[in-house]
Amino acid sequence: MYNNKILSNGINIVMENIPYVNSISLGIWIKNGSINEDKHNSGISHFIEHLLFKGTKNRTAKEIAESIDNIGGQLNAFTTKEYTCLYVKVLNTYERLAIDLLSDMLKNSLFNEEDILKEKKVIYEEIKMYQDSPEDIAYDLLAKTMFEGTSLELPILGTIDSLESIDREDIIDYFKKNYTPENIVISIVGNINENETLKLLEDYFGDFNIQDNKNDRIILDQNYVYTKKINGFIKDTEQLNLLIGMEGLSRKNNYVYPLLVFDNIFGGSMSSRLFQRIREDKGLAYSVYSHPSFYEKTGTFTIYVGLNPEKIYEAVELVKEDIEIAKKELITKEELFKSKEQLKGNYLLGLENTSSRMAEIGRSKLLMDKTYHPNEIVKKINEVDMEDIEIVVEKIFNFDKLNTIYVGNLSKKEQVEKKLKEILYS
């Protein structure tokens, strides 16, 4: 059972003791990502994530890395559009070390000028690496197209131009405004004594209480307006990357689980309609799938196909046909039953290691202000019925809000976009 506590400074703690394992997984979840940025400081959240590994008052960058490598553990971090996470997995005998290390990184990072300049070069290379990936380019272009005028359009890595303009003062100011106790959740799962763990967390994190800057934090008022657009990027690649994106659901929408059940049937698995038809029956693509993305106030539903550029029109016609079939005929009861069983199985199997469980409860507490017991999730999946699916399909498949993105080696851009409009919007 999950145990929720609050430290004296307001940091939320969620713990789960699993006595039969030999590990612990600890995550620091910060409600801060690229959605909190603007075009001038785009990429600063991800930049700070990197800088947290570059040295503290107590440890050099090498000592940070060695402290976990030397005991066979794992230390890493990532940034998304809405949050940042630092996490570590070690044997439970090294629990104090793990807590000490992450608290040191959070509380005592130096943000030295020299490290800032060096790490900018590292991130420039990371950006260039993504620019070599047509699939990543396509997803960034989809966000820019669908979320134009809002911070969700910004790339998580930022741009070379935006990073060049960020200095140490910007970093420290942004850190103080966003890395505050009320924006932090600590989740820890594994072989722990919860009372002793809570005391350790209080000892190491309880004094993390930067001066009250929460009133200075900029929360942008986002206005999401969805229209139908086609956008493309010509790149010399062997394969064309095609994305079709539609308005989805916010993560607190009552129909999140019906959408997950439907996605599993439509394109979210190897047995899905899109996969079976476009890959198995027609042989048009190696990679084809659909997936929802949930944010605080909005969401998307996206279809991806990687294929020969000459097959783009055939693939788009098949996708449109499958959408129209889903709108007219919905799904069968057999499909509904199989999808729910598959979702429950995937979810429960995913909880069989401490890292997955730590991520599940930490992210849930941060974004939903609640931790759900697995039985609650299973119940939500079981309760999905045909009426729910009908409502979701009607909401998602709106051709007036359908955006098409392509990245690859196509000639005659205007002719391609005209043909795509004829297929999708006629």
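Things worth noting here:
- Of the residues making up segment 400-421, those that are closer than 18 Å to E310 by Cβ, of a type outside the set (A, V, I, L, M, F, W, C) and surrounded by 22 or more Cβ atoms within 10 Å (Cβ to Cβ) are T404, Y406, G408.
- Residues in segment 1-58 that are out of contact with any His (no Cβ under 9 Å at 6 or more places or on another chain) and among the hydroxyl-bearing types (S, T, Y): S8, Y20, S23, S25, S42, S45, T56.
- Test: residue in segment 341-353 that is more than 22 Å from the chain's Cα centre (by Cα) and open to solvent by 70 Å² or more (accessible area, probe 1.4 Å): yes
- Of all residues making up segment 318-339, the number that are open to solvent by 30 Å² or more (accessible area, probe 1.4 Å) and in a helix (DSSP H, G or I): 11
A quick yes/no check of all residues on (1) out of contact with any Phe, Trp or Tyr (no Cβ under 8 Å at 6 or more places or on another chain); (2) closer than 30 Å to E194 by Cα:
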| residue | (1), (2) |
| --- | --- |
| V88 | yes, yes |
| E113 | yes, no |
| D132 | yes, no |
| F147 | no, no |
| T150 | no, no |
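- Given (1) within 22 Å of V185 (Cβ to Cβ); (2) open to solvent by less than 20 Å² (accessible area, probe 1.4 Å), index of the condition K31 fails: (2)
- Within segment 400-415, tally of residues that are touching a Phe, Trp or Tyr at 6+ places or on another chain (Cβ under 9 Å) and in a strand (DSSP E or B): 5
- Of the residues making up segment 180-201, at least one is buried (at least 18 other Cβ atoms within 10 Å of the Cβ), modelled with pLDDT of 95 or more and at positive phi.
- If you go through segment 10-37 and keep only what is more than 20 Å from Y83 (Cα to Cα) and touching a helix residue (DSSP H, G or I) at 6+ places or on another chain (Cβ under 8 Å), you end up with E16, N17, I18, V21, N22, S23, I24.
- Members of segment 240-279 that are in contact with a helix residue (DSSP H, G or I) (Cβ under 7 Å, 6 or more places away or on another chain) and without any contact (Cβ under 8 Å) to a residue 60 or more places away in the chain: G267, S272, R273, L274, R277, I278
- Taking the criterion of being surrounded by fewer than 18 Cβ atoms within 10 Å (Cβ to Cβ) and within 26 Å of the chain's Cα centre (by Cα), the residues of segment 294-317 that qualify are E296, K297.
- Filtered residues of segment 59-116 (kept if open to solvent by 30 Å² or more (accessible area, probe 1.4 Å), under 25 Å from M15 (Cβ atoms) and aliphatic (A, V, I, L, M)): I71, L75, L91, L97
- Residues that are crowded, with 18+ Cβ neighbours inside 10 Å and either in contact with an Asp or Glu (Cβ under 7 Å, 6 or more places away or on another chain) or not assigned by the TED database to the domain that holds K419 (or both) within segment 278-293 comprise L284, S290, P292, listed in sequence order.
- Exactly one residue out of A138, A143 is surrounded by 19 or more Cβ atoms within 10 Å (Cβ to Cβ), out of contact with any strand residue (DSSP E or B) (no Cβ under 6 Å at 6 or more places or on another chain) and small (G, A, S), and it is A143.
- Annotation note: Cβ proximity below 6 Å between a residue of segment 70-90 that is closer than 25 Å to T150 by Cα and in the same structural domain as I44 (by the TED database) and a residue that is among the acidic types (D, E) and surrounded by 19 or more Cβ atoms within 10 Å (Cβ to Cβ) (sequence gap 6+ or interchain) occurs for T79/E49; T84/E49.
- Among the candidates R363, R357, residue that is over 26 Å from F147 (Cβ atoms), basic (K, R) and either outside the structural domain of E182 (by the TED database) or not in a helix (DSSP H, G or I) (or both): R357
The values are calculated or read from the model by the stated rules, or taken from the named source; none is laboratory data. What you are looking at is a predicted structure, and each value in this text was computed from that prediction instead of being measured. Every residue, glycine among them, receives a Cβ derived from its backbone with ideal geometry; neighbour counts consider all protein chains shown. Ligands, DNA and RNA are excluded from the accessible area calculation, which covers all protein heavy atoms including side chains. Shrake-Rupley method; radii C 1.70, N 1.55, O 1.52, S 1.80 Å.
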